[in-house]
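Chemist: Dropping the structure in here first, questions after.
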C-alpha cells in the first residue's frame, strides 16, 4: 500500500496497464513530454517511450477518431481530453462512432477506447474549464460513463475501464485531484464498472452523489449528524449503467432520497436518480425525492462560481427540507 | 507582395532585423515608417499590462492569465491597421488588438478577475469576445465576412489563432469556406512555436502554416512576427486587398511565446533556457527601439517616463477592479435568455431561500 492522491492513483493505473498490455497506447494534448497539464501522465513517456505515450496535434475530434481506428485494428488506445469542456469537437466521433461501432457491425468490430477527461468546477478557472458533461455522455447509447471520487476507486475503476470490451468515458474530478489522499495498493486491482458504493451507512436519508460532490456530501452528513440525522451516502461511481440495486435497497431502508450533482438540473443525472428511487421504493417513500443539481445556466466565471458550486451547508439545507417534509 | 512572397517560394517577409537595421529598403513604405513610434508605444503599453497582469496573478489577486510577452508586435500591428468598420475576432493572446478596438484596461482586468461583465467589452465595437475553444472563432470570422459582403458594407475581418489552432478542423473549414465564398477575412496565425508544451513540429508536417493557404485557393504569406514594420505592412496590404477584392488571406506571423502558455504553465518542463535566451535577442520591442533610437526618433529616457505612466494607468484600472462590487446572484441567470424563464427564476429563488436560511443560522 502507498498513500496516493487521485493524480497518482490514475498514473499508477496507466503505468500498470502500459506495462502489462503492449497493445495500449496513450495520447492526447500535452500528455507526452509535459505529462499532461495536470501531470496525470507524468513520467510515462520516459518509461514507455514516444512510440506508446505521445502528444497529439491539437484536435480533439482527431484524438477520438484515430482511437476508433486503432481500436478496431487491435490496439488499446487510452486518450485524454485536456478538459471536458474541450471534448465538444470530438462529440461527432464519440457519439457517431465510438458508441456505435459494436452495434453497427453486430459485434464484429469494437471500439473499446478509454477516453479520460478532467471535469467539474470549483477551481476558479477560465470559461470552458469547469464543465460537467456526464449527463450528455450518459444520454448517448453505447457509452459507459465512470466517475471516481477517491484515489482507490480511481485506480481500480480505470484499470477496469482500460480492460473493458466497451468504450468508457472516464471523468476525473479535477477539483479533488490532489485534495484527497488514501492508501492504495501499488499492484493491479479492479473494481467492477457498474457498481455503486455505500460511502457511509445511515438510517434516515439516502444522499446519492459522485465525483467531487461526495466530499461535500460527507461534510453535509457531519452537519446532519450534529442535528441528529443519520445520512447514508451512496457514491454512484458508474453514471451509466446505474446500479439500481444499491439505490433501491438504501431508499427502501431510509424512505428519503436526495440526489446531488454539480451539473445542470434539467434532464440531468439527478433526475434519473430520482426516477430510479421512485420506481424502486415508491411505497417506502416518506417524502418526495429531491434533486440538488447545478443551475440550468452556463457555469459562471470564478467570481460567480460560489453560487453554482454546492457547499455543504446547501446540501444540509436540502437534507433538512426532506426531513421536515 | 502576395505574389513575391507566395508561400511556395518559402520566403519570409521582413523589413527590420533583430539588430534594428532596415534590411528591405525597397519594400519599406512611408506609411509603414510613419506608424513605428505609435506602434512602439502600443507595444510598450501592452507589455506593461501583460507584466503587471502576471504579477497580479502571482500575488493571488487575479485568476489564470495567458501572457502576450514577446508577441506584442502582431497585435499592435493589427490594431494600427484595423479601421472602425473592421471586425476583430480574437482568440485570447492579442491584447494589443483588443485595446485598439476600444477594450479598456478595466474591462480586461475584470474579465481576467472572473467577471463575465469584463469579457463583454462594452467599450469596444466590432469585436467578438475571447474564444477559448481553440480555432472555433475562425468560423465566426468567415461568417462575419459573409455578412459584410452580403450587406455590401465596407470593412474586413481580422481573425486570430495560434499554431496549435491550425490543427483543429475548424481552422480548415473556416479557410475553406472563406475561399469558396470569397469573403474579406484576414486570418492571422500567431505561430509562437508552442501549443502549451507541444512544439509546432508536432502540429504539422507542412513546411509552413502559410503554405496551407495554397490548398484553399487563397493568398498567404509568412511574416516575421517580431518585426512590427513587416507585420503592419503585410496586414495593411492584406486588409486593403481583402476589402477591395473580397478575398480572404492567411498571414502566418513567426514569433515566440516568451512567457508561459498561461500562469498555470511551467515552460521549464518542455523547452530549454538556451532556446529562450536565443529568442530574447529577437524581442519585438527591442528591435523597433533600436531602429528608432538610431534614427533619433526615440528617446529611452522618454520611454522610461512613458512606461511609468502606463504602469500608473494599469494600477488605477486594477484598483477599480479590486474594489468592484461583489458578483450578484442574478448575474448568473439574467443573460441566459432574453428574459429569465420561469424555471430559472425558481432555481434563483431556491438559492435565495437557502442563503436567507444560512444567514439566519449564522
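Chemist: Quickly run through the range A:276-324 and pick out the residues that are out of contact with any strand residue (DSSP E or B) (no Cβ under 8 Å at 6 or more places or on another chain), touching a residue at least 40 places away in the same chain (Cβ under 8 Å) and more than 8 Å from chain B (Cβ to nearest Cβ).
Modeler: Hits for the range A:276-324 are A:299, A:311, A:312, A:316, A:320.
Chemist: Would you mind listing the strands (runs of 3 or more DSSP E) fully within the range A:193-238 where at least 2 residues are surrounded by 21 or more Cβ atoms within 10 Å (Cβ to Cβ) and without any contact (Cβ under 8 Å) to a residue 60 or more places away in the chain?
Modeler: A:231-235
Chemist: So residue A:261 fits all but one of (1) touching a strand residue (DSSP E or B) at 6+ places or on another chain (Cβ under 7 Å); (2) outside any loop (DSSP other than H, G, I, E, B); (3) within 14 Å of chain B (Cβ to nearest Cβ); (4) free of Cβ contacts under 8 Å to residues at least 60 places away in the same chain; what number is the exception?
Modeler: (4)
Chemist: Out of B:362, B:324, which single residue is within 21 Å of residue A:304 (Cα to Cα) and within 14 Å of chain A (Cβ to nearest Cβ)?
Modeler: B:324
Here's the yes/no breakdown for (1) without any contact (Cβ under 8 Å) to a residue 12 or more places away in the chain; (2) outside any loop (DSSP other than H, G, I, E, B); (3) out of contact with any helix residue (DSSP H, G or I) (no Cβ under 6 Å at 6 or more places or on another chain); (4) facing chain A (nearest Cβ under 10 Å):
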{"site": "B:288", "(1), (2), (3), (4)": "no, yes, no, no"}
{"site": "B:291", "(1), (2), (3), (4)": "no, yes, yes, no"}
{"site": "B:302", "(1), (2), (3), (4)": "yes, yes, yes, no"}
{"site": "B:308", "(1), (2), (3), (4)": "yes, yes, yes, no"}
{"site": "B:338", "(1), (2), (3), (4)": "yes, no, yes, no"}
{"site": "B:345", "(1), (2), (3), (4)": "no, yes, yes, no"}
{"site": "B:354", "(1), (2), (3), (4)": "yes, yes, no, yes"}
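Chemist: Give me a count of the residues in the range B:173-192 that are surrounded by 20 or more Cβ atoms within 10 Å (Cβ to Cβ) and assigned to a loop (DSSP other than H, G, I, E, B).
Modeler: Looking only at that region, the number is 3.
Chemist: Can you confirm whether residue B:166 is within 11 Å of chain A (Cβ to nearest Cβ), over 26 Å from residue B:85 (Cβ atoms) and crowded, with 24+ Cβ neighbours inside 10 Å?
Modeler: In short, yes.
Chemist: Something else now. Take residue B:50 and decide whether it is more than 16 Å from residue B:290 (Cβ to Cβ) and either assigned to a helix (DSSP H, G or I) or not assigned by TED's automatic domain parsing to the domain that holds residue B:295 (or both).
Modeler: yes
Chemist: With assigned by TED's automatic domain parsing to the domain that holds residue A:317, within 19 Å of residue A:117 (Cα to Cα) and in contact with a strand residue (DSSP E or B) (Cβ under 8 Å, 6 or more places away or on another chain) as the only criterion, which of A:236, A:143 stands out?
Modeler: None of the others qualify; the one that does is A:236.
Chemist: Now for a different question. From (1) more than 24 Å from the chain's Cα centre (by Cα); (2) part of a helix (DSSP H, G or I); (3) buried (at least 18 other Cβ atoms within 10 Å of the Cβ), pick out the condition that doesn't hold for residue B:350.
Modeler: Going through the list (1) more than 24 Å from the chain's Cα centre (by Cα); (2) part of a helix (DSSP H, G or I); (3) buried (at least 18 other Cβ atoms within 10 Å of the Cβ), residue B:350 breaks only (3).
Chemist: Specify which of the listed residues (B:55, B:34) is in the same structural domain as residue B:194 (by TED's automatic domain parsing), under 29 Å from residue B:133 (Cβ atoms) and surrounded by fewer than 23 Cβ atoms within 10 Å (Cβ to Cβ).
Modeler: B:55
Chemist: Is it the case, given these coordinates, that residue A:292 is assigned by TED's automatic domain parsing to the domain that holds residue A:252 and surrounded by 22 or more Cβ atoms within 10 Å (Cβ to Cβ)?
Modeler: Taking the combined requirement at face value, the residue satisfies it.
Chemist: Scan the range B:252-274 for residues that are more than 14 Å from every other protein chain (Cβ to nearest Cβ) and surrounded by fewer than 12 Cβ atoms within 10 Å (Cβ to Cβ) and jot them down.
Modeler: Hits for the range B:252-274 are B:273, B:274.
Chemist: Does residue A:319 meet the test of being farther than 14 Å from residue A:122 by Cβ and within 21 Å of the chain's Cα centre (by Cα)?
Modeler: no
Chemist: Tell me yes or no: at least one residue of the range A:281-288 is assigned to a loop (DSSP other than H, G, I, E, B), buried (at least 22 other Cβ atoms within 10 Å of the Cβ) and at pLDDT 95 or above.
Modeler: no
The values are calculated or read from the model by the stated rules, or taken from the named source; none is laboratory data. Just so it is clear, the structure is predicted and the values come from calculations on it, not from any experiment. Every residue, glycine as well, gets a Cβ built from its backbone with ideal geometry; the counts of neighbours run over all protein chains shown.
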